[in-house]
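Q: Have a look at this one.
The values are calculated or read from the model by the stated rules, or taken from the named source; none is laboratory data. Remember, it's a predicted structure, so these values are computed and weren't measured experimentally. Accessible surface is based on the protein model in full, side chains and every heavy atom, while ligands, DNA and RNA are left aside. Shrake-Rupley method; radii C 1.70, N 1.55, O 1.52, S 1.80 Å.
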Amino acid sequence: MRWNDMRISALGGTICSIWASISLGDVLQTALTAAVGTLVSFVTSRLLANLGKRKR
């Protein structure tokens, strides 16, 4: 086996073991958490920008 073949095999095995341990529920929960975090960040930045304009 060449060095590249060994690296590809190790990478493939790692991806397969990770893939088997991740469920659809975990992916959906992560996506929902990211969406809520994005929304909260956006709303907070808008509120702070509006507060900054009012003080001027």
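Q: State in Å² the accessible area per residue of the chain; use a 1.4 Å probe, count heavy atoms of protein chains only, and round to the nearest integer. Kindly include the intermediate steps, with their values, before the conclusion.
A: Values: 5380 Å² over 56 residues.
For the chain, the solvent-accessible area averages 96 Å² per residue.
Q: Kindly provide log₁₀ I(q)/I(0) values, in the same order as q = 0.28, 0.29 Å⁻¹, from the Debye equation applied to equal alpha-carbon scatterers of the stretch 7-53.
A: Debye intensities relative to I(0), on a log10 scale: -0.91, -0.93.
Q: Continuing with the same structure: Want the number for residue 2 to residue 33: 0.36 nm per residue separation, take away the alpha-carbon distance, what's left?
A: Length difference between fully extended and current span is 6.9 nm.
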